[in-house]
Amino acid sequence: MRRVHAFCDDALGDLDAVGLSDALRAGRVGRAEVIEAAIARTEVVDPVLNGLAYAAFRQAREAAENAGNGKPADGFFSGVPTFLKDNVDIAGQPTMHGTDAWTPWNATSDSEFTRLFLATGLAPVGKTQLSEFGFSASAEHPRLGPVRNPWDTDYSAGASSSGSGAFVAAGVVPMAHANDGGGSIRIPAACNGLVGLKPSRGRLPLDPHLRRMPVGVVVNGVVSRTVRDTAAFYREAERIWRNHKLAPIGDVTCPGRRRLRIAVLTRSVQRESGPQVRELTLKSAALLEQLGHRVEHLAEPPIPANFVDDFVLYWGFLALAQIRGGRRMFGDTFDRTRLDSLTLGLERHTSRNLHRLPLAIVRLRRVRRHTAKLFATYDAVLTPTLADETPRIGHLAPTDYRQVIDRLIDWVSFTPLQNVTGEPAMSLPLAQSGDGMPVGMMLTADLGQEALLLELAYELEEAKPWARIQD
């Protein structure tokens, strides 16, 4: 295995974000030295992993210097280095959405989510790479190059939050921004051995154009190496911005006491998971049973068979909107000929089937009715995050649309459902394949039940600590 990581005996060590925050407040490490360690680690691994979209090293150093000169430090995570994914705006930095289809220009203001993210005190040292517009589950742009998996650089880091996943797993930073429109938090979490919680729809703020989507599939979040980091992020975010239509998450710090009724599915609406992934899922179910939870195996999900076609048609609608509004959104230098074949193929697919789109949107909006019935019986559902093991670089390269879309549908068959229903879902690194690569297991709960998922995740983390890349 060609394993790459940056863990070493510097100011970051192998601390998670909560541990580093404690060290900074106690004065055991300084903000400037922590930022320098993150920059040095980025420079070590990025030539191999290709996860960096924009280096904000100068800005990070200046912010650390200002904090050292008496500027008050706000937020629980004050001084903890991180990255934002390159599809949200940060004032003074370009936003390229994983493509090079226009000439970069600097954003004039922070996005709504960026303001919340920075208010927690997290200190960005740059922006991370993603698949083009986040459409693919593997970032393998023909010109920008692939983002590689630190566990084995012959393999994909998943996507679309690929750079964030690769850098957190490799120890560059303890936690990083990710967002999810079809699995883009959970997929890189599964591929890179991380914790990835896709929150409920509306849990965190979105920019206006995302709030206006006919089906609100996109949510923001983070990837981390520990459950407590993810729990602490949502606690701090909720103190800053709260959606009162959802049950509060609160301060979740330990396993829950209540024994849960958990459904187990190894089959998605599309297909049965691969033999090895199925076996690992059943082992995870057995672990839950050993912990005292009531586990019941279901034959198939209660989801209409047309879900896959409807989702792909809607995914293509998002591509159509990006391309047809390209010059208005990205300027006169926007050049559609520089887009990859997946983006163009999705746009072409929906353009040819536009008459089917209104009914597809209606059906997608109704899917929640089916899962609500499921959660009337069960507290949580366990599935694999992905139907098969992580593929090698090249398997999902966007060179031929028909080939790559078929392969994507086949691999990413469990994660899009929760984007459509709005329910929270969490990938945990509970398993490893025979060749030592991480395999994620996904737990889903009813709307607003992130606290339940975090309590269950704490329990599983204690019962079966996950493999660490530095070991």
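Remarks
Conditions tested, residue by residue: (1) touching a His at 6+ places or on another chain (Cβ under 6 Å); (2) part of a loop (DSSP other than H, G, I, E, B); (3) closer than 30 Å to Pro255 by Cβ.
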position: Leu288; (1), (2), (3): no, no, yes
position: Gly292; (1), (2), (3): no, yes, yes
position: Glu296; (1), (2), (3): no, no, yes
position: Ala299; (1), (2), (3): no, yes, yes
position: Pro304; (1), (2), (3): no, yes, no
position: Asp310; (1), (2), (3): no, no, no
position: Leu320; (1), (2), (3): no, no, no
position: Ile323; (1), (2), (3): no, no, no
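- Some residue of region 116-125 being open to solvent by 20 Å² or more (accessible area, probe 1.4 Å) and either in contact with a strand residue (DSSP E or B) (Cβ under 8 Å, 6 or more places away or on another chain) or closer than 17 Å to Gly345 by Cβ (or both): yes
- Candidate set from region 278-335 (those that are over 30 Å from Leu260 (Cβ atoms) and without any contact (Cβ under 8 Å) to a residue 24 or more places away in the chain); member that is surrounded by the most Cβ atoms within 10 Å (Cβ to Cβ): Ala321
- Tyr378 vs. criteria closer than 30 Å to Ala299 by Cβ and either at pLDDT 95 or above or among the hydroxyl-bearing types (Ser, Thr, Tyr) (or both): yes
- Lone unmet requirement of (1) crowded, with 23+ Cβ neighbours inside 10 Å; (2) within 16 Å of Phe330 (Cα to Cα); (3) not charged (D, E, K, R) for Phe113: (2)
- Filtered residue count, region 450-467, keeping only those that are open to solvent by 40 Å² or more (accessible area, probe 1.4 Å) and within 18 Å of the chain's Cα centre (by Cα): 0
- For region 226-252, taking the residues that are over 16 Å from Ser21 (Cβ atoms) and of a type in the set (Gly, Ala, Ser), the one that is most open to solvent (accessible area, probe 1.4 Å) is identified as Ala247.
- Taking helices (runs of 4 or more DSSP H) as the structural unit, those lying wholly within region 1-108 and holding at least 2 residues that are surrounded by fewer than 16 Cβ atoms within 10 Å (Cβ to Cβ) and modelled with pLDDT under 95 correspond to 57-68.
- Among the residues making up region 336-358, those that are open to solvent by less than 80 Å² (accessible area, probe 1.4 Å) and under 20 Å from Ala139 (Cβ atoms) are Leu339, Asp340, Ser341, Leu342, Thr343, Leu344, Gly345, Leu346, Glu347.
- Only one entry of Glu289, Glu238 meets the criterion of being within 23 Å of Met175 (Cβ to Cβ) and out of contact with any helix residue (DSSP H, G or I) (no Cβ under 9 Å at 6 or more places or on another chain), and that entry is Glu238.
- Lone qualifier among Val381, Val362, Val412, Val404 - being within 21 Å of Gly202 (Cβ to Cβ), of a type in the set (Val, Ile, Thr) and either touching a residue at least 40 places away in the same chain (Cβ under 8 Å) or crowded, with 17+ Cβ neighbours inside 10 Å (or both): Val381
- Criterion violated by Ile405 - all others in (1) part of a helix (DSSP H, G or I); (2) within 20 Å of Gly292 (Cα to Cα); (3) not charged (D, E, K, R) satisfied: (2)
- Residue match in region 415-437 (condition: over 14 Å from Ile249 (Cα atoms), among the acidic types (Asp, Glu), assigned to a helix (DSSP H, G or I) and open to solvent by 20 Å² or more (accessible area, probe 1.4 Å)): no
- Restricting Ala176, Ala137 to those that are farther than 22 Å from Ser413 by Cα and small (Gly, Ala, Ser) reduces the list to Ala176.
- In region 198-213 there is no residue matching the filter, namely being basic (Lys, Arg), in contact with a helix residue (DSSP H, G or I) (Cβ under 7 Å, 6 or more places away or on another chain), part of a helix (DSSP H, G or I) and surrounded by fewer than 24 Cβ atoms within 10 Å (Cβ to Cβ).
- Gln470 meets all of the listed conditions (1) surrounded by fewer than 21 Cβ atoms within 10 Å (Cβ to Cβ); (2) within 18 Å of Trp315 (Cβ to Cβ) but one, namely (2).
- Selection status of Thr399, farther than 28 Å from Gly145 by Cα, touching a residue at least 40 places away in the same chain (Cβ under 8 Å) and of a type in the set (Ser, Thr, Tyr): no
- Pairs meeting the criteria (first residue in region 431-456 and in contact (Cβ under 8 Å) with a residue 40 or more places away in the chain and of a type in the set (D, E, K, R), second residue open to solvent by less than 10 Å² (accessible area, probe 1.4 Å) and in a loop (DSSP other than H, G, I, E, B), beta carbons under 7 Å, at least 6 apart or on different chains) are Asp446/Glu423; Glu450/Pro199; Glu450/Ser200; Glu450/Pro424.
The values are calculated or read from the model by the stated rules, or taken from the named source; none is laboratory data. In this text the structure is predicted, and so the values were computed from the model without any measurement. Reconstructed Cβ throughout: ideal geometry from the backbone, glycine too, with neighbour counts over all protein chains shown. Note: accessible area is taken over every heavy atom of the protein model, side chains too, but ligands, DNA and RNA are not part of it. Shrake-Rupley method; radii C 1.70, N 1.55, O 1.52, S 1.80 Å.
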